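> The following block contains the structure, expressed as structure tokens.
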Amino acid sequence: MVEVLKAGLFDTIQDFGRIGFQEFGVPFSGVMDENSASLANSIIGNDQNAAVIECTVIGLQLKFHAHTLICITGAQMNPNLNGLPIKNNTAISVRPNDILGFGRLEYGCRSYISVSNGFLTEEIMASRSMYQGITSRFKLQKGDLLPISKEEKDKTATFSSIKINKNHFQSQDIEVFKGPEFDKLNLKQQKLLCEQQFTISKDSNRMAYLFDECFDNALHPIITSLVLPGTVQLTPSGQLIVLMRDCQTTGGYPRVFQLTEKAMNMMSQKFFGGKVRFKCIK
């Protein structure tokens with residue numbers, strides 16, 4: 001077991017989400033940054049889809065009750081084991097009664113914690129991803145006990161680490177494809193959308209990222225149609241909405257862009273107040 005001694009701002013169990021249930025109105029959910037979560041699992045030899053803990057902005061505190069390997073990736077939150085600093089992107093052996101904590105956020109927005117064979121929490125619709133109304137809880141709380149594989153002895157860490165490209169966290173360029181309603185904008189609007197810098201709103205979350213700036217918009221709503229994580233909608237008020245992993249399955253606002261998968265991962269690591277520009281792929 002792994003015990004939650006202290007919860008952070010918003011900590012959840014996530015894997016790659018629920019695939020194949022969207023016709024029933026069930027969101028995909030899953031890790032916001034698939035690149036970082038995959039890395040956390042790969043470094044300790046897990047399946048890519050093994051469940052991890054996703055921490056947002058402020059890390060939590062965990063107590064381990066079994067031997068296991070862990071790896072922390074994504075945002076730099078200055079992790080420590082029993083008060084001693086440990087590195088991101090490396091396999092680390094933990095023992096019973098070890099305590100994992102986090103310090104100050106340096107860059108990024110979301111950090112990922114993997115354990116050997118993944119966290120074995122409840123599985124619903126072929127996924128362990130937490131989502132309100134589907135799983136019994138939608139976030140981790142103090143006192144939660146998280147099942148993991150039982151290891152009879154100390155696992156060996158490799159002590160090797162992987163160097164990551166900080167461009168994943170620092171670049172302002174977000175690659176997009178033109179959405180179905182993009183060509184309904186006039187040329188001036190299209191140009192402005194691809195040149196203007198947008199500021200991420202404090203109201204952003206796992207469902208959608210919003211921006212402080214509004215965009216001049218005269219487009220009418222569309223007949224309710226398919227939307228996906230990464231769809232960029234334009235509201236009647238002129239606000240752009242980037243749908244994220246917990247988004248709904250249909251929507252009635254014009255879809256002006258669709259983020260690439262790489263851009264989805266990068267966007268999820270943007271902190272409130274961060275700046276982005278949409279870079280259209282022709």
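> So what J values fall out for region 142-148 if you push phi through Karplus, 6.51 cos²θ - 1.76 cosθ + 1.60 with θ = phi - 60°, rounded to Hz, Gly and Pro as x?
4, x, 4, 10, 9, x, 9
> Classify the chain: rounded, prolate or oblate, from the alpha-carbon gyration tensor (a ≥ b ≥ c, eigenvalue square roots; a/c under 1.5 rounded; otherwise prolate if a/b is larger than b/c)?
Prolate.
> Give the accessible area for Thr121 in Å² (nearest 10); use a 1.4 Å probe, count only protein heavy atoms, and leave out ligands, DNA and RNA.
Solvent-accessible area, nearest 10 Å²: 20 Å².
> Could you list, in their original order, any pairs among Lys142/Lys163; Lys139/Lys166; Lys87/Lys275; Lys191/Lys262; Lys178/Lys275 whose Cα atoms are separated by more than 30 Å?
Lys142/Lys163
> Also, quick follow-up: Just to verify a number: FRET efficiency for Ser42 and Asp173, C-beta to C-beta distance, R0 = 25 Å, to 0.05? Could the numbers behind the result be given before it?
Working: r = 26 Å, r/R0 = 1.04.
The pair Ser42/Asp173 has a calculated efficiency of 0.45.
> Considering only C-alpha atoms, what is the centroid distance from region 160-197 to region 24-81, in Å?
26
> Within region 101-136, list the chymotrypsin sites (Phe, Trp or Tyr not before Pro) lying in a DSSP loop whose Cβ has at most 10 other Cβ atoms in a 10 Å radius.
Those that pass, being in a loop and sparsely packed, number zero.
> Can you bin region 1-63 into rounded, prolate or oblate? Criterion: square roots of the alpha carbon gyration tensor eigenvalues sorted a ≥ b ≥ c, rounded for a/c under 1.5, prolate for a/b above b/c, oblate for the rest.
Oblate, since a/c reaches 1.5 and b/c is not below a/b.
> Continuing with the same structure: Leaving out ligands, DNA and RNA, and with a 1.4 Å probe, what % of the accessible surface on the chain is carbon or sulfur?
Ligands and nucleic acids excluded, carbon and sulfur give 53 percent.
> Then there's this: When only C-alpha pairs under 8 Å and at least 6 residues apart count, what is the relative contact order of the chain, in percent?
It rounds to 21 percent for the chain.
> Only bridges whose two residues both fall in the chain count here: according to DSSP, what percent of them are antiparallel, nearest 5?
On the way: 50 of 55 bridges.
In the chain, approximately 90 percent of DSSP beta bridges are antiparallel ones.
> Sorted by accessible area (1.4 Å probe), largest first, how do Arg255, Arg206, Arg137 line up? List each step's numbers first, then the result.
On the way: Arg255 35, Arg206 15, Arg137 105 Å².
Most to least solvent-accessible, the answer reads Arg137, Arg255, Arg206.
> Also, I was wondering about something else. Given a Förster radius of 22 Å and the C-beta distance between Cys280 and Ile162 as r, what FRET efficiency does 1/(1 + (r/R0)^6) yield to the nearest 0.05?
Numbers: r = 31 Å, r/R0 = 1.43.
With a Förster radius of 22 Å, E is 0.10.
> Hey, another quick one. Over region 2-167, with a single point scatterer placed on each C-alpha, what log10 of the ratio I(q)/I(0) does the Debye formula yield at q = 0.12, 0.13, 0.19 1/Å?
For region 2-167 at q = 0.12, 0.13, 0.19 Å⁻¹, log10 I(q)/I(0) is -0.48, -0.56, -1.24.
> Further question on the same structure: Whole number please: convex hull volume per residue of the Cα set in region 171-280, in Å³?
Taking the convex hull of the Cα positions in region 171-280, it is 86 Å³ per residue.
> Might you tell me the accessible area per residue for the chain, computed with a 1.4 Å probe and given in Å²? Don't jump to the answer; show the numbers that get you there.
Values: 13000 Å² over 282 residues.
Spelled out: the 1.4 Å probe surface of the chain, per residue, equals 46 Å².
The values are calculated or read from the model by the stated rules, or taken from the named source; none is laboratory data. For clarity, every value in this text was computed on a predicted model and none was experimentally measured. Cβ coordinates were reconstructed from backbone atoms using ideal geometry, including for glycine residues, and neighbour counts include every protein chain displayed. For the accessible areas, the whole protein counts, side chains as well, though only heavy atoms, and no ligand, DNA or RNA atoms are used. Shrake-Rupley method; radii C 1.70, N 1.55, O 1.52, S 1.80 Å.
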